[in-house]
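Step one of this worksheet: look at the structure below.
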Amino acid sequence: MFSLRHFSAALVLAILPSVHAQQEKLPPADLAIVEKQWPTAKKTSTCLRYVILKEGEGPTAKPGDLLSVLYRGAILNGKVFDEAEDPAHPFTFRLGRNQVIQGWDQGLGFLRRGGKMLLIIPSELGYGTRGSGPTIPPNSTLVFEIDLVDLKPEAPLPLAEPPPVKAKKS
């Protein structure tokens, strides 16, 4: 006889693989490569993976900060599609202002000035189903090695002066 407990257990076992598949953003073949090549990579709630290769100094990057980076970007098979590795001409942008792919906006917040990281970005945090030109096919997992050479905190907004106090009439 098939009890409610057996039915519940069977249901849980049937659902678990699909729940995992919904949470994991890397295709199974890419996931196998990533887990083998970078077993110590940390995974965020958005399935971005990163490895801090060199700790930097000072505060971590925050949205609005002006970052200058040197980087090399490749698809998972190792084919480099872009790089900025000349220290005299780093790539500069504001973090969290949609000036770069989402994977960068999310991942670079773990770095400090002088730090270096490896970012493994699922396609939906990169160039998605469209890819980018002939060098990044659709649905590509991206791998970036990034050096944070400079970090300039966003200047705080000036405080507004309080309105003048009106004198009471006697």
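The values are calculated or read from the model by the stated rules, or taken from the named source; none is laboratory data. Model, not experiment: these values are computed from the prediction. Virtual Cβ from ideal backbone geometry, glycine too; neighbours counted across all protein chains shown. Each accessible area value is taken on the protein alone, full model and side chains, heavy atoms only, with ligands, DNA and RNA left out. Shrake-Rupley method; radii C 1.70, N 1.55, O 1.52, S 1.80 Å.
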Checklist entry - So how strong a dipole does region 45-138 carry about its Cα centre when Lys and Arg Cβ are +1 and Asp and Glu Cβ are -1, to the nearest 20 debye? => result 140 debye
Checklist entry - At what distance in nm do the modelled label points of Val165 and Arg94 sit from each other, each positioned 7 Å from its Cα along Cα→Cβ? => result 3.7 nm
Item to check | Accessible area, probe 1.4 Å, largest first, for residues Phe144, Phe110, Phe81 | outcome: Phe110, Phe81, Phe144
Item to check | Area accessible to solvent at Ile33, 1.4 Å probe radius, in Å² | outcome: 80 Å²
Next on the checklist: Once neighbouring chains are kept in place and the probe is 1.4 Å, which whole percent of the accessible area of region 62-170 is contributed by carbon and sulfur?
Outcome noted: 54 percent
Item to check | region 25-69: Cα Rg divided by the 2.2 N^0.38 Å rule of thumb | outcome: 1.47
Checklist entry - Which aspartates and glutamates have a Cα lying under 14 Å from the Cα of Lys152, excluding residues fewer than 8 positions away in the same chain? => result Glu57, Asp65
Next on the checklist: Please report the accessible area of Lys43 (heavy atoms, 1.4 Å probe, ligands and nucleic acids excluded) in Å², nearest 10.
Outcome noted: 100 Å²
Item to check | Stokes-Einstein D in µm²/s, Kirkwood radius over Cα pairs - region 44-170 at 25 °C with 0.890 mPa s viscosity | outcome: 153 µm²/s
Checklist entry - When the Karplus curve 6.51 cos²θ - 1.76 cosθ + 1.60 is applied with θ = phi - 60°, which whole-Hz ³J(HN,Hα) does each residue of region 113-128 get, with x for Gly and Pro? => result 3, x, x, 9, 9, 10, 10, 10, 10, x, 4, 5, 9, x, 9, x
Next on the checklist: If you count only protein heavy atoms and use a 1.4 Å probe, how large is the accessible surface of Ser132, to the nearest 10 Å²?
Outcome noted: 50 Å²
